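Below is one structure, written out as structure tokens; comments come after it.
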Amino acid sequence: MPFNGYNVNPEGCANVLSQVEEDETRYAAVSVLRGGMNAAEAACMAGSGIVGQALAEVWQDTMGPQLEAAEVRIHNAVEGVRRAVSIIAGADQEMAATAKASLAEVQAGIYAEPRFRDKRSWL
């Protein structure tokens, strides 16, 4: 469906959104990152432990919340696109129905039996 010079394909959008929602690579990346942080913490705990504790705090106070916020933003973006595509598709259907009804009205006027005025009414 055309939209300000663009062509919005609801089915294509739905497929892309499903791919984003079902993509496991970001979860795998977070798991690898968390594993690396755990390994770094463990390696640093053998010393004074201050660096290991700092790494734990970085994860807890900074990285963890940022990753959670990113996941929320991804979810919100997917839902926003889904709603926008739904609105556009609904508006397109509504415009098509209006155009069809208008065409039917015009066609009814064209194909209607001609009505002749009584000649007496012209006098």
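Just so you know, all these numbers are worked out from the coordinates, no wet-lab data involved. Keep in mind it's a predicted model, so treat the numbers as computed, not measured. Cβ coordinates were reconstructed from backbone atoms using ideal geometry, including for glycine residues, and neighbour counts include every protein chain displayed.
Between ALA96 and ILE110, the simple spin-label model (points 7 angstrom out along Cα→Cβ) gives 2.1 nm. With each label modelled as a point 7 angstrom along the Cα→C-beta vector, the SER86-LEU17 pair spans 0.7 nm.
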